[in-house]
Amino acid sequence: DRANDLTLVKTQEIMRFPRNDGLLFNHVWGKSLRDGSANLFGIRRHSDLFLCTVKAIELYIAISSALSLDLLSGYLFRPLSFSGKVQNKQIVSTLQSRLRSYLQEAKIYNGETLHSFRAGLAITLALSGSQLADIMEHVGWCHAPTASHYLKVARVLLFYVPEVLQSYYLVTTLLPKP
């Protein structure tokens, strides 16, 4: 659900689907998983190998194995120490640093964080017409007040969308249907 939660995935929480057509994650720890609950989700293979998350994870594991990195237990994604040694710990700061460097290299960095991508996704879904319940489920929010805190769609519309689109959004979304 959260970018940070990806850094908490442990290899012992991952299983293959019966016909090897995907991976099943049984994620049991994260910011929103501290009460003994779990987030069980699957990822199916994509026919386009370039877009296939399952193939990417398999390639990552194969390369790790070729480098004699034991991924049988512990964190799936691991950072390097300053001396170049692979560490078995969470890598959130590494992911954030990598995101920043990619955006800076593309000359589009404006202070974005992994967290801002999550909020931006939710705003994009709202502007695309998705229902609040669907957005909350997709992003991982359990409570409407949390969603409202991050979904500042009106603010986005007022500052960044031309008047014509504002009018269209107001008429199609906010006014009662006849």
Subset of segment 97-119, residues over 18 Å from LEU80 (Cα atoms) and touching a residue at least 12 places away in the same chain (Cβ under 8 Å), comes to GLU112, THR113, LEU114, HIS115, PHE117, ARG118, ALA119
Across (1) under 19 Å from GLU13 (Cβ atoms); (2) exposed (fewer than 15 other Cβ atoms within 10 Å of the Cβ); (3) not basic (Lys, Arg), SER64 clears everything bar (2)
Determine whether segment 106-122 contains at least one residue that is open to solvent by 50 Å² or more (accessible area, probe 1.4 Å), farther than 25 Å from TYR150 by Cα and out of contact with any strand residue (DSSP E or B) (no Cβ under 6 Å at 6 or more places or on another chain).
yes
Kindly indicate whether any position in segment 130-147 is open to solvent by less than 100 Å² (accessible area, probe 1.4 Å), assigned to a loop (DSSP other than H, G, I, E, B) and modelled with pLDDT of 85 or more.
yes
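The values are calculated or read from the model by the stated rules, or taken from the named source; none is laboratory data. None of the values given here were measured: they were computed from a predicted structure. Reconstructed Cβ throughout: ideal geometry from the backbone, glycine too, with neighbour counts over all protein chains shown. For the accessible areas, the whole protein counts, side chains as well, though only heavy atoms, and no ligand, DNA or RNA atoms are used. Shrake-Rupley method; radii C 1.70, N 1.55, O 1.52, S 1.80 Å.
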